[in-house]
Amino acid sequence: MKRIAVLGSTGSIGQQTLEIGRIFSDRFRIVALGAGKNSTLLAEQIREFQPRMVSFQGTEGEPQPDSPPYDVAPAQLATAEEIASHPDVDVVVVATSGKAGLAPTLAAIRAGKRVALANKEVLVMAGAMVMGEARNHKVEITPVDSEHSAIWQCLRGERRNEVARLILTASGGPFLRHSPSQLSEITPEQALRHPTWKMGRRVTIDSATLMNKGMEIIEARWLFGLPPLRIDVVIHPESIVHSMVEFTDGSIKAQLSQPDMRLPIQYAITYPRRLSSPHLPRMDFGRPASLNFEPPDVAKFPCLRIAREAAEREGTYPAVLCAADEVAVDLFLSHRIGFLDIARLVEATLERHQTVRQPSLDEILAADAWAREYAAKWRPK
């Protein structure tokens, strides 16, 4: 019986993790829940799972953890870091968004917990630090992203020095065939309609701009120890091949499945075992189908280029990339900037940044704060 803590339990990944907990209630016990804003859904989850610990970040104007807007009995209130490092927890699912996942991830690693990581910003902001701590504490970080899970699965049993490159696949988002003039007219409502995946609002917008794929390059760089120049991106609209690994002899391994986030979430928790679930869709190769691949258009979707450049520069550039993008997406969703302004804002913020080459955690957080302040004041020309 594995004892699971789900941080970000009210988000898309968190809710799907709890669904797996329901299916395998004889194997998993949800012992802790953490949420940022959705107190109503968190209250429902508390009633269902009866966790031992609860964390609620809240937002400005809402009650904070010392006065929660719901009944937590018999659970105890705790911070996310306290939950992540608690002796009653075996696996910490970090499904929060933004920098909120960084401190709990480090706390879990230092306490020797397995971390099932779904928060991109943790490795984008502080990949060198996080992976260094994981090595020092002999902790396994299991990726939840479908792309990184695919690579992880393809690498099982392989020698890392025989890996030539990693190939991340991208659906291309809802605007793959749009012209630049069409992209300039995109509304938030259109951008939130992803053709394949059901995701949170920010990651859905990042998928539409391909920023999501750029951040995945940075994640893969740290998870698998390859430089960005050996990590490629290919557009694959069907989202059946979740990513690939090419080896030095030219052989390529790919992981295929129906696009359903419950599969990589489940594998990250159950590894090294695979559990059969009747709720996961299966591939049917008896039906006609085709798989298409094409290179990304970085002129039309410059966020991919911008993120790759931040990856190659390292230092505090990736932290600034994350923070500026989060601000840009919020501004777009509130109709204050256009779709194409997202890339312009992020690039302008990076151009003004003075990097720290080997930053401490405080310097990473300072870069994040600076980027948010600068990006919030940016205006389209």
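Structure notes:
- Candidate aspartates and glutamates - alpha carbon under 16 Å from Lys113, same-chain residues fewer than 8 apart omitted: Glu81, Glu82, Asp88, Asp90, Glu133, Glu140
- Shown here: Cα extents along the principal axes in Å, derived from the displayed model; of the candidates [x] 55, 53, 40; [y] 63, 44, 41; [z] 54, 48, 42, it corresponds to [x].
- Using the Karplus relation 6.51 cos²θ - 1.76 cosθ + 1.60 with θ = phi - 60°, the per-residue 3J(HN,Hα) values for the range 101-115 come to x, 5, 4, x, 5, 5, 5, 5, 4, 5, 8, x, 8, 6, 10 Hz, with x marking Gly and Pro.
- Most to least packed among 81-92, 119-130 [average Cβ atoms within 10 Å]: 119-130, 81-92
- With the simple spin-label model, which puts each label point 7 Å out from Cα in the Cβ direction, the Arg282 to Ala299 separation comes to 4.6 nm.
- Between Asp26 and Gln354, the modelled labels are 6.3 nm apart [label points 7 Å from Cα along Cα→Cβ].
- The chain - share of DSSP beta bridges that are antiparallel (%, nearest 5): 30 percent
- CD proxy at 222 nm, helix term only [per DSSP H run n ≥ 4: -39500 (n - 2.57); per residue of the chain; nearest 500]: -12500 deg cm²/dmol
- Pairs of alpha carbons in the range 284-381 separated by more than 17 Å make up 55% of all such pairs.
- For the range 229-362, the Rg and Dmax computed from alpha carbons only, in angstrom: 19.3, 56
- Selection from Ala100, Ala80, Gln15, by position along the positive dipole direction of the chain (Cβ): Gln15
- Relative packing of 361-371, 212-222, 1-11, which averages over residues the other C-beta atoms within 10 Å, highest first: 212-222, 1-11, 361-371
- Oblate is the label for the range 71-202, because the ratio a/c of its alpha-carbon gyration tensor axes (a ≥ b ≥ c) is 1.5 or higher and a/b is not greater than b/c.
- Fully extending the segment from Ala128 to Leu361, taken as 0.36 nm per residue of separation minus the present Cα-Cα distance, adds 82.8 nm.
- Volume of the Cα convex hull of the range 173-312, divided per residue and given in Å³: 157 Å³
- Shape class for the range 79-137, computed from the alpha carbon gyration tensor (a ≥ b ≥ c): oblate, with a/c not under 1.5 and a/b at or below b/c.
- Of the cross-linked pairs Lys2/Lys253; Lys99/Lys300; Lys37/Lys138; Lys99/Lys213; Lys2/Lys99; Lys99/Lys253, those separated by over 25 Å at the C-alpha level are Lys2/Lys253; Lys99/Lys300; Lys37/Lys138; Lys2/Lys99; Lys99/Lys253.
- Other residues lying with their Cβ under 12 Å from the Cβ of Pro359 contribute a combined charge of -3, Lys and Arg counting +1, Asp and Glu -1.
- Along the range 226-236 the Karplus relation, 6.51 cos²θ - 1.76 cosθ + 1.60 evaluated at θ = phi - 60°, assigns HN-Hα couplings of 10, x, x, 5, 9, 10, 9, 10, 9, 7, 9 Hz to successive residues, with x for each Gly and Pro.
- Here the peptides 275-281, 297-303 are ranked by packing, the mean other Cβ count within 10 Å, and the order with the highest first is 297-303, 275-281.
- Stokes-Einstein D (µm²/s) once Rh is taken as the Kirkwood radius of the range 2-143 over alpha-carbon pairs, at 4 °C in 1.567 mPa s: 87 µm²/s
- If you take all other residues with their beta carbon under 12 Å from the beta carbon of Thr248, and give Lys and Arg +1 and Asp and Glu -1, the sum is 0.
Computed from the coordinates by the stated procedures, all read-outs in this text should not be read as laboratory data. Because the structure is predicted, anything quoted here is derived from the model rather than measured. Neighbour counts are summed over all protein chains in view; Cβ atoms, including those assigned to glycine, are modelled from backbone coordinates with ideal geometry.
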